[in-house]
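Engineer: Please read through the structure below; I'll follow up with questions.
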Amino acid sequence: MKRLNRCLLIGSLALVSLPACAAPRPATYDYARVVNAKPLYETVQFPVDEQVCWEEEVWQQSRPSAAPVVLGAIIGGVVGHQFGGGNGKTALTVAGAAVGGTIGHQVAKENYRGGAYPVVQTRCEVQRNWRTEQRVVAWDVTYKYHGNLYQTRMAEQPGRKIPVQVNGRIAPYYR
């Protein structure tokens, strides 16, 4: 029984330690000299909205002036105020203003020629324009390691040296 337990214990230890023996060794890194780094460009278009304004001549319909009506009401009120007494004076002032305003309106109507006249107005609108831009999307990098040239594509511009695994491949997660 002791012998069986000992065999089982040794066997289980061997099975448990087997994956540890088979695990790959951690990679070691070195640095390679960058020989050439060439950017790769992409053409991108994007919309830009701009407000564009200009001056434009338009025709505006003329309106009769209110000055004759106001002036007639004032003159009529002053004349009406000259007559009567007490509350009658106030009533005649109001009546004179009304009659004077009506006469002023008739004068303005008879002298109104109508028509239109030119007026300069500023008009604006939003115009959509397209801008074109060149953007770097990647870098084609040539590097030298132990006398051999290698090429890779990187997302960022490399410095003078880049980390490589000892086997000469570019290191993962380069920063």
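FYI, it's all coordinate maths here, none of it is from the lab. Here the structure is a predicted model, which means the values were calculated and not measured. Glycine also receives a Cβ, built like all others from the backbone with ideal geometry; neighbour counts cover every protein chain displayed.
Engineer: Residue 109: among the charged types (D, E, K, R), over 58 Å from the mean Cα position of the chain (by Cα) and over 19 Å from residue 60 (Cβ atoms), yes or no?
Structural biologist: Working: among the charged types (D, E, K, R): yes; over 58 Å from the mean Cα position of the chain (by Cα): no; over 19 Å from residue 60 (Cβ atoms): yes.
Criteria not met by residue 109.
Engineer: While we're here: Please go through the stretch 95-140 and give me each residue that is basic (Lys, Arg) and under 30 Å from residue 156 (Cβ atoms), ordered by number.
Structural biologist: In the first step, residues of the stretch 95-140 are kept if they are basic (Lys, Arg); the result is 109, 113, 123, 128, 131, 135.
Once the filter is applied, which keeps residues that are basic (Lys, Arg) and under 30 Å from residue 156 (Cβ atoms), the stretch 95-140 yields 131, 135.
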